[in-house]
Amino acid sequence: MEKRKPLKRKEEMKPVSRDHHHSLLLCWKIRTAFKNQVEVERVKKYADWFYEEHVLPHFELEEKYIFPVLGNEDELVKHALAEHRRLKRLFENEEEPLKSLSLIEEELEKHIRFEERVLFEKVQEIATAGELKAIELHHASGEFKENTEDVFWA
């Protein structure tokens, strides 16, 4: 098994990586719900809340302040933007919630791993101090606020 060296995140980028941690927890919650045969409607309701409160603002931050560091013509940015579009369609799909949630669980995790291990590493290499400061300043401040209305994963 290949051993990965720990990722070093610059201080200004750490809050964005913490967002990713919460999204990885969403993937775990979906997997747990499926394993425990939780009603799909309950999981979908939580996923919809998470999408509105956390995913959309996070995508906006990345698209406005992180991806421009590399430029819209960068292949890594094009890849990330295509994944953002795909994930948005999956979250917004009301027709097949079970299928969409299953795909969200898989694709969101893969997307986060790509951003953390590849895209953000490149951004950190070339970002100016001003660009890093802009990322930090525009990150939605405050701690993650969980929705505990229905803790189906507990």
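The values are calculated or read from the model by the stated rules, or taken from the named source; none is laboratory data. What you see is a predicted model, and the numbers here were worked out from it, not measured in a lab. Ideal geometry is used to build each Cβ from the backbone, glycine not excepted, and the neighbour counts take in all protein chains shown. Note: areas computed on protein heavy atoms with side chains; ligands, DNA, RNA excluded. Shrake-Rupley method; radii C 1.70, N 1.55, O 1.52, S 1.80 Å.
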How big is the charge dipole of the chain about its Cα centre, in debye rounded to the nearest 20, if each Lys and Arg gets +1 on its Cβ and each Asp and Glu gets -1 on its Cβ? 640 debye
Can you give the Rg/Rh ratio of the range 1-89, where Rg is from the C-alpha atoms and Rh is the Kirkwood radius? 1.03
Hull volume in cubic angstrom per residue (convex hull over the Cα atoms of the chain): 127 Å³
Extension gain, Lys64 back to His21 (0.36 nm per residue minus Cα-Cα distance, nm): 13.4 nm
Solvent exposure of the chain as accessible area per residue, Å², 1.4 Å probe: 61 Å²
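Based solely on its DSSP helices, what 222 nm [θ] is calculated for the chain when runs of n ≥ 4 H residues each add -39,500 (n - 2.57) and the sum is averaged over all residues, nearest 500 deg cm²/dmol? Before the final figure, lay out the partial values.
Values: 8 runs with 96 residues, N = 154.
Roughly -19500 deg cm²/dmol at 222 nm, from the helical runs in the chain.
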Taking max minus min of the Cα coordinates of the range 100-142 on each principal axis, largest first, gives extents in Å of 39, 25, 12
Per-residue HN-Hα couplings for the range 12-29 [Karplus 6.51, -1.76, 1.60; θ = phi - 60°; Hz; x = Gly/Pro]: 5, 9, 4, x, 5, 5, 5, 4, 4, 4, 5, 5, 5, 5, 4, 4, 4, 4
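What FRET efficiency do you get for Leu56 and Arg113 if R0 is 22 Å and r is their Cβ-Cβ distance, rounded to the nearest 0.05? Don't skip to the answer; put the middle values down first.
On the way: r = 20 Å, r/R0 = 0.93.
The computed FRET efficiency comes out at 0.60.
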Say each of Glu95 and Leu137 gets a label point 7 Å from the Cα, pointing the same way as Cα to Cβ; how far apart are those two points in nm? 4.4 nm
In nanometres, the difference between 0.36 nm per residue of separation and the alpha-carbon distance of Lys45 and Ala82 is 10.8 nm
Candidate lysines - alpha carbon under 20 Å from Lys122, same-chain residues fewer than 8 apart omitted: Lys5, Lys8, Lys10, Lys14, Lys64, Lys78, Lys110, Lys133
The chain - percent of accessible surface contributed by carbon and sulfur, probe 1.4 Å: 51 percent
